[in-house]
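The values are calculated or read from the model by the stated rules, or taken from the named source; none is laboratory data. Small disclaimer: the values here were computed from a predicted structure and weren't measured. As a convention, Cβ positions derive from the backbone with ideal geometry for all residues, glycine included, and neighbour counts pool all protein chains shown. Only protein heavy atoms, including side chains, enter the accessible area calculation; ligands, DNA and RNA are left aside. Shrake-Rupley method; radii C 1.70, N 1.55, O 1.52, S 1.80 Å.
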Amino acid sequence: MREVVVAENRCLDCEVRTRSVCASLSIEDLALLDAVAKRRCFLPGATIVTRGQPGQGVSIVLSGMARLYRQWPDRQRRIVSFVLPGEFVDPALGSEAPFSADAIGTVTVCSLPRPVFMDLADSRPQMMQQLHAATMRAMRMAQDQVLLLGRHSAQERLVSFLLDMRSRLS
């Protein structure tokens, strides 16, 4: 078994709450999420999300690092980005996953039912603003990556990747 569901989820004590969209939520809102949230742990190499599958929920990485990628028909895998603690596994929040995601090491995510999450975001302007900001960050990172790939040498791309990771981890 490559995934383990951990029964207890404590939103109030969450280690990434202040770095995620949940930062603006009240104690009452966090209690609501506690009732429906599932903490899931994935072993290294386990699939968290499969591209094209209907999105059942919203997942935020709590610990570890996930790799977002697209696999082509010839089995080549193109890495899109890396997901760090506090970030969404699927920032687009669409009806189906645009990319696959797997665990690089052991990864723990908080999974929330999409309807509950979206209802909460729709009724909390601060949360919707944070959700919008997270989506814009993901879009900016994707645009930066496109520019980087088209204009720089392998060494410059590596340096840029390392600086970006340092910035996101701090």
Report yes if some residue within segment 126-147 is surrounded by 10 or more Cβ atoms within 10 Å (Cβ to Cβ), touching a residue at least 24 places away in the same chain (Cβ under 8 Å), assigned to a helix (DSSP H, G or I) and more than 18 Å from the chain's Cα centre (by Cα); otherwise report no. yes
Can you say whether Arg166 is more than 17 Å from the chain's Cα centre (by Cα) and at positive phi, as far as the supplied structure shows? no
In segment 77-127, how many residues are touching a Gly at 6+ places or on another chain (Cβ under 6 Å) and basic (Lys, Arg)? 1
Kindly indicate which of Asp90, Asp74 is under 25 Å from Leu147 (Cα atoms), among the acidic types (Asp, Glu) and not in a strand (DSSP E or B). Asp90
In this structure, does Phe82 turn out to be open to solvent by 30 Å² or more (accessible area, probe 1.4 Å) and over 20 Å from Arg19 (Cα atoms)? no
Within the bounds of segment 158-168, is there any residue that is in a helix (DSSP H, G or I), loosely packed, with under 11 Cβ neighbours inside 10 Å and touching a residue at least 60 places away in the same chain (Cβ under 8 Å)? no
Return the residues of segment 45-71 that are in contact with a helix residue (DSSP H, G or I) (Cβ under 8 Å, 6 or more places away or on another chain), outside any strand (DSSP E or B) and of a type in the set (Gly, Ala, Ser); say none if nothing qualifies. Gly55
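Here is a yes/no grid of residues against (1) loosely packed, with under 14 Cβ neighbours inside 10 Å; (2) touching a strand residue (DSSP E or B) at 6+ places or on another chain (Cβ under 6 Å); (3) touching a residue at least 60 places away in the same chain (Cβ under 8 Å):
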| site | (1), (2), (3) |
| --- | --- |
| Leu25 | no, no, yes |
| Glu28 | yes, no, no |
| Val36 | no, yes, yes |
| Gly57 | no, yes, yes |
| Gln76 | yes, no, no |
| Gly86 | no, no, yes |
| Cys110 | no, yes, yes |
| Asp119 | yes, no, no |
| Asp122 | yes, no, no |
